[in-house]
Structure formats: C-alpha cells, structure tokens
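The values are calculated or read from the model by the stated rules, or taken from the named source; none is laboratory data. Values in this document were obtained by computation on a predicted structure and should not be read as measured data. For neighbour counting, all protein chains shown are included, and Cβ atoms are generated from backbone atoms with ideal geometry for every residue, glycine included. We work out accessible area using only protein heavy atoms, side chains counted, and drop any ligands, DNA or RNA first. Shrake-Rupley method; radii C 1.70, N 1.55, O 1.52, S 1.80 Å.
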Amino acid sequence: MFETLEDVRRDLVGRLARAAKDRKSPMHVPAVVTSDVDARGMVLREFNYEAWTLRFHTDTRAPKVAAIDADPRMAVLFYDKAAKIQIRVRGTGRVLRDDPLTDMAWANGSNFARRCYLGDGPGTVSEQPTSGLPDDLEGVQPTDEQLIPARDHFAVLQVELAELDWLYLAHTGHVRAQFVRVEGEWQGRWVSP
C-alpha cells in the first residue's frame, strides 16, 4: 500500500488538503500544541501545499497567542481512526493580526461565525455557564456594523511546517516515515514505529 516515501508524501499531502476543505474529514479538527505544553482542538482552515503552512483562526486575547508570541515552536497532531493513520507535524507559529491573509479570512467568514469575537476573551472567569457573548447576541446573527469591534480580536494562526511524522497502524506491522525540511526541500526516511 505504501511502498515508497513518495507514496507516503502523496498520502500526507492529500489528507492535509482534505482536512482543511472537508468538515467530515476525521483530521479536520487536529490537536494543536503550543510551546507552553498546552493543547487544544482547532479547526484547520487551510493547508497551503506550496508554502507548507497550516492556517487556523484564533482570538488575539487567547492565552495561546501570548505563548506563541513568546516562543513560536508548535506541534499539530492529526488522526484518522478508520484509516489508522496518524500525522504529527512540528513547525513555527505566527499570529497574523493585521495581514492581508487575516483580512481575507475575516471577509470570508459568516457574521454568525464572527460573532464569537464580540464576546469575552477566552478564559474569562464567570459565575455561571456562559458563551461569553453579550446577551443581545445569544443565538442571533449580528449585523456588519455590530461586528466592527470584533475584528480587533480576530487573527490567523499560521504554522510553517518543518517536520512531518507519518504513522500507519497495521495489524501486519506498523509503518512510519519522517520528513524534515532542509533549505526548502523535504528529505524523507523510513523509521521504526
């Protein structure tokens, strides 16, 4: 099934591309880990094959933003249970606040999705269960005008990939490959699982 490193690379690229485009992909919401050893599930918005970057959306007030600004090392874990394939990546994160890519991502979002950036910042303590949204926006799609202050809290998290680790779990014997980016080129090798 996976006889060559090129077979693995093609599989890896195809899975990351599908994960970004298909909400039903088992890899659509990977675990994203920051340098402070904190992990969270995040929706993968884009995999840019030419630049080898992953794009996520985040709130500028989230604790992970300060962690990435202080130390940009990151890891992302993808898993497809049915296919028995795990992909681990390492790279460098950047939080893009005022950037054409961020402007494009904001413009392409729906008002309903953008409304979460109007609420309290992630991790704000509350006396009761809360979405953090203002009461008048609970279950309501805000207008463009109401969303103006929300844009200041929206950012793109871009992860530039430097290392890839692909693992196929098979009852006949697991297979694992690693790829490291050296001067813009990927170098692959087989490793024991």
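Full extension of the chain segment joining R97 with K84 gains 1.0 nm, where the gain is 0.36 nm per residue of separation less the Cα-Cα distance. Net charge in the neighbourhood of A19 (other residues with Cβ under 11 Å of its Cβ; Lys, Arg +1, Asp, Glu -1) is +3.
Would you mind pulling out the separation of the Cα centroids of the range 49-92 and the range 19-47, in Å? The range 49-92 and the range 19-47 have Cα centres separated by 6 Å.
Based on Cβ point charges of +1 for Lys and Arg and -1 for Asp and Glu, what charge dipole magnitude is obtained for the range 62-193 about its Cα centre, in debye rounded to the nearest 20? Intermediate values should be presented prior to the final figure.
Working: 14 positive and 19 negative charges, 193 e Å.
Charge dipole of the range 62-193: 920 debye, to the nearest 20.
Whole-Hz Karplus values for the range 35-45 come out as 5, 7, 6, 10, 10, 7, x, 9, 6, 6, 8 Hz, taken residue by residue from phi with 6.51 cos²θ - 1.76 cosθ + 1.60 and θ = phi - 60°; glycine and proline positions read x.
Extending 7 Å from Cα along the Cβ direction at S110 and again at E138 yields two label points whose distance is 2.1 nm.
Ordered by solvent-accessible area of protein heavy atoms (1.4 Å probe), largest first, the residues H171, H28 come out as H171, H28. Karplus-based coupling profile of the range 81-90, in residue order and whole Hz: 4, 5, 7, 6, 10, 10, 10, 10, 10, 10, with θ = phi - 60° in 6.51 cos²θ - 1.76 cosθ + 1.60 and x standing for Gly or Pro.
The mean of 1/r over all distinct Cα pairs in the range 48-169, once inverted, gives the Kirkwood hydrodynamic radius of 16.3 Å.
Of the three principal axes defined by the Cα atoms of the range 1-107, the extents in descending order read 44, 31, 24 Å.
Between S192 and T60, the C-beta separation translates, for a Förster distance of 41 Å, into a calculated FRET efficiency of about 0.45.
DSSP loop chymotrypsin sites (Phe, Trp or Tyr not before Pro) in the range 43-123 with at most 16 other Cβ atoms within 10 Å of their Cβ, which ones? It would help to have the intermediate numbers written out before the result.
Working: sites: F47, Y49, W52, F56, F78, Y79, W106, F112, Y117; in loops: Y49, W52.
Here the sparse-neighbourhood loop sites are Y49.
Hey, got a sec? Which trypsin sites (Lys or Arg not before Pro) in the range 78-149 land in a DSSP loop and have at most 11 other Cβ atoms within 10 Å?
Values: sites: K81, K84, R88, R90, R94, R97, R114, R115; in loops: K81, K84, R97.
Here the sparse-neighbourhood loop sites are K81.
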